[in-house]
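Asks: I'd like to ask some things about the structure below.
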Amino acid sequence: MSICKRIFPVTEDREFSTISVFQDWLEKKCKKERNGKFRLWSKVGLGDYNNSTGSLWIFRFQGRLIGEGVVAEDIIDNDDSSPELYAINFQPDSIKIYSNQVYAEDVKLPSGKDIVRRGIILSDEDYEYLKKEIGE
């Protein structure tokens, strides 16, 4: 498996209704209470086998890039009593919220990739450019 940097689109249904609700959930529940466990309803479109330990997911919600986390364990069967079938585990200390969220459609990467689509893998150059755009 390869280590990669990718955009992960988060859906607004079920638990998350606004950016602030999702940010709060990432900081308090996912990072602290769940020790980095992010439950998933499906693996479809999530780039199985591109999520090896050390890979970086950039969270996109409501069209904005809002934060990131580093994978500790690839997509697995969910082993708790929640209805979600799968989970991916992030290194809890790697989960962070960007102070300046930018709209994905406003970012023009050096490679020309469109980061609005699902599951885009970024080059190191694209990621560094993106970090400058976000101001992190």
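The values are calculated or read from the model by the stated rules, or taken from the named source; none is laboratory data. Just so we're clear, the structure is a prediction, and the values are computed from it rather than from any experiment. Backbone-built Cβ (ideal geometry, glycine too); neighbour counts: all protein chains shown.
Asks: What's the total number of residues in the stretch 97-112 that are surrounded by fewer than 12 Cβ atoms within 10 Å (Cβ to Cβ) and under 19 Å from E27 (Cα atoms)?
Replies: 2
Asks: With the condition kept exactly as written, say whether any residue in the stretch 120-134 is in contact with a Phe, Trp or Tyr (Cβ under 6 Å, 6 or more places away or on another chain) and either at negative phi or surrounded by 15 or more Cβ atoms within 10 Å (Cβ to Cβ) (or both). Can you show your working first?
Replies: Going through the stretch 120-134, the residues in contact with a Phe, Trp or Tyr (Cβ under 6 Å, 6 or more places away or on another chain) turn out to be 134.
Still in the list and also either at negative phi or surrounded by 15 or more Cβ atoms within 10 Å (Cβ to Cβ) (or both): 134.
Checked the stretch 120-134: at least one residue is in contact with a Phe, Trp or Tyr (Cβ under 6 Å, 6 or more places away or on another chain) and either at negative phi or surrounded by 15 or more Cβ atoms within 10 Å (Cβ to Cβ) (or both).
Asks: Here's something else I'd like to know. Among the residues of the stretch 65-89, write down those that are over 20 Å from D124 (Cα atoms) and in a strand (DSSP E or B). Step through it out loud before you land on a result.
Replies: If we filter the stretch 65-89 for residues that are over 20 Å from D124 (Cα atoms), which is where we start, we get 73-89.
E73, D74, I75, I76, D77, Y86, A87, I88, N89 - these are the residues of the stretch 65-89 that are over 20 Å from D124 (Cα atoms) and in a strand (DSSP E or B).
Asks: What residue, among those in the stretch 50-93 that are closer than 24 Å to E128 by Cβ and acidic (D, E), is modelled with the highest pLDDT?
Replies: Taking the candidates together, the pick is D93.
Asks: If you take the residues in the stretch 10-49 that are of a type in the set (S, T, N, Q), more than 14 Å from the chain's Cα centre (by Cα) and in a loop (DSSP other than H, G, I, E, B), which one is modelled with the lowest pLDDT? Give the steps one after another, and end with the answer.
Replies: As a first pass, look at the stretch 10-49 and keep what is of a type in the set (S, T, N, Q): 11, 17-18, 20, 23, 35, 42.
Next cut, more than 14 Å from the chain's Cα centre (by Cα) only: 17-18, 20, 35, 42.
This time we only want the ones that are in a loop (DSSP other than H, G, I, E, B), so: 17-18, 35, 42.
Values: S17: 85, T18: 88, N35: 93, S42: 75.
Among those residues, the one meeting the criterion is S42.
Asks: For the stretch 83-93, does any single residue satisfy the condition of being surrounded by 14 or more Cβ atoms within 10 Å (Cβ to Cβ), free of Cβ contacts under 8 Å to residues at least 40 places away in the same chain and of a type in the set (A, V, I, L, M)?
Replies: Scanning the stretch 83-93 turns up no residue that is surrounded by 14 or more Cβ atoms within 10 Å (Cβ to Cβ), free of Cβ contacts under 8 Å to residues at least 40 places away in the same chain and of a type in the set (A, V, I, L, M).
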